[in-house]
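Everything on this sheet refers to the single structure shown next.
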Amino acid sequence: MAAMKTLPLVVPGEVYDPSHVSPDWIRISYASAIALRFKSGRFTRDFEFGGINLLLNYSEGCKSDCAYCGLARTRPGLYEEKSFIRVDWPLVETDEFVRRLKTHEARLTRLCISMVTHGHSYKDTVDITNRIRAAVSTPLSILVAPPTLTRARIEHFKTIGVDMIGVGLDAVTEELFHKLRTDVPAGSLHWEKYWEVINDARDVFGPWKVNAHTLVGLGETDRDLVDLFSRLCERQIFPYLFSFNPEPDSRMGEHAKASLRRWRRIQLAKHLIEMDGLRNDDFGFDARGDLVEIKAPPDLVLRAVASGVPFMTNGCPGPKGEPGCTRPYGSYRPSEPFRDFPFLPTKEDAKGIDLDLALEGLIGLDRHKVGD
Ligand code: SF4
């Protein structure tokens, strides 16, 4: 494995050394590998990229078995060849990674360690956090694995310099969570534990320092999503949006993703709840729970759409409050339209968004006169 020592990068298909595990080895997102010059490559559109995502790595993989996840235990394939949120995550040596963080620190906006459900996950996350904190001051989030945590461990994360905590709730109702994450062949995750960690993290880290990742398209209704966004924002917890994107061979590999129209409308509803204080009662739903009406003043809604902000990637902020974690291709393939934009949408993008949204039907522009 000498070659991998000089170029600490493994791509799918290469020979994999099972001793290359965390904390000394980590996987990083493909976009992060490009940003830190582990990989050469370009994004399909030019934009500043400074959000670095890393993932713990174990030969046994993640011990959870979520129906939709690329790393699920019972999904066919070797762990090292599996993809996570549909992109390849090259394996790199942690110390080399930290050296490169230092080299590129001026361009970095946010760092994030994704834990996996594994017995060493907490100890290794602390170790990697300490190595990073000793080298750079870029704000650091941890996307936690709730089964590995206690309140004391969450408190310890804060004392070692973690800035924000993310919880990958994904399924937005208890019933759906149970169906996709608990009642599955090797399922071990529990809705109650996820909320215990969200609640503890909110107490320990404070307002707008905790987020819950939510996935659109797992089988929930629009009403379910709006309900959860309202409850989280009431408690000053960020809801972050992801579009379900089927992982080939996962148990939901054939499940259709949300239509662009539904996705854009959910993006807009979430923005209005988070930024303009709208709540459940400000939205109308049909008998199936589909969003059919936004009862806010039309010019408020039109202003939000025109700003482009609702359609940008949701993620933890950078040092000045700017978008920090932008995860390009987290919710779509490079060949597909941007589901969320890691930059402010252009005028051309805005035209596509307007078509996708078909807003007139939602705010009753035929019933109201804008500006009244
Ligand atoms: S939004 Fe990005 S930085 Fe924040 S918890 Fe999620 S993956 Fe991590």
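The values are calculated or read from the model by the stated rules, or taken from the named source; none is laboratory data. None of these values were measured; they are calculated from a predicted model. As a convention, Cβ positions derive from the backbone with ideal geometry for all residues, glycine included, and neighbour counts pool all protein chains shown. Areas reflect the complete protein model, heavy atoms only, side chains present, ligands, DNA and RNA absent. Shrake-Rupley method; radii C 1.70, N 1.55, O 1.52, S 1.80 Å.
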Are any residues in segment 358-372 of a type in the set (A, V, I, L, M), under 34 Å from the mean Cα position of the chain (by Cα) and either open to solvent by 40 Å² or more (accessible area, probe 1.4 Å) or modelled with pLDDT of 95 or more (or both), and if so, which ones? L365
Can you pull out the residues in segment 197-217 that are assigned to a strand (DSSP E or B) and under 19 Å from R339 (Cβ atoms)? N211, A212, H213, T214, L215, V216
Among (1) modelled with pLDDT under 95; (2) closer than 20 Å to G51 by Cα, P139 falls short only on (1)
Going residue by residue through segment 110-129, is there one that turns out to be within 16 Å of the ligand (Cβ to nearest atom) and basic (K, R)? yes
Output for Cβ contacts, cut-off 7 Å, separation at least six or different chains, first residue assigned to a strand (DSSP E or B) in segment 91-114, second open to solvent by 50 Å² or more (accessible area, probe 1.4 Å) and more than 16 Å from the ligand (Cβ to nearest atom), reads E93/D24
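One line per residue, one yes/no per condition, for (1) within 29 Å of P323 (Cα to Cα); (2) touching a helix residue (DSSP H, G or I) at 6+ places or on another chain (Cβ under 8 Å); (3) open to solvent by less than 20 Å² (accessible area, probe 1.4 Å):
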site: H120; (1), (2), (3): no, no, no
site: I132; (1), (2), (3): yes, yes, yes
site: I154; (1), (2), (3): yes, yes, yes
site: G168; (1), (2), (3): yes, no, yes
site: F177; (1), (2), (3): yes, yes, yes
site: D183; (1), (2), (3): no, no, no
site: E196; (1), (2), (3): yes, yes, no
Which of the following residues is of a type outside the set (S, T, N, Q), within 13 Å of the ligand (Cβ to nearest atom) and closer than 23 Å to I52 by Cβ: G315, G321? G315
Filtered residue count, segment 102-118, keeping only those that are crowded, with 20+ Cβ neighbours inside 10 Å and of a type outside the set (S, T, Y): 8
Within segment 120-139, track down each residue that is farther than 16 Å from H156 by Cβ and aliphatic (A, V, I, L, M). A134, A135, V136
Contacts under 7 angstrom Cβ, first residue in segment 307-320 being farther than 22 Å from L143 by Cβ, partner among the polar types (S, T, N, Q) and not in a strand (DSSP E or B), 6 or more apart: P310/Q267; F311/Q267
Output the number of residues of segment 134-152 satisfying the condition of being within 30 Å of A186 (Cα to Cα) and surrounded by fewer than 16 Cβ atoms within 10 Å (Cβ to Cβ). 3
Out of the residues in segment 198-207 meeting the condition of being buried (at least 16 other Cβ atoms within 10 Å of the Cβ) and not basic (K, R), tell me which one is nearest to F242 (Cα to Cα). I198
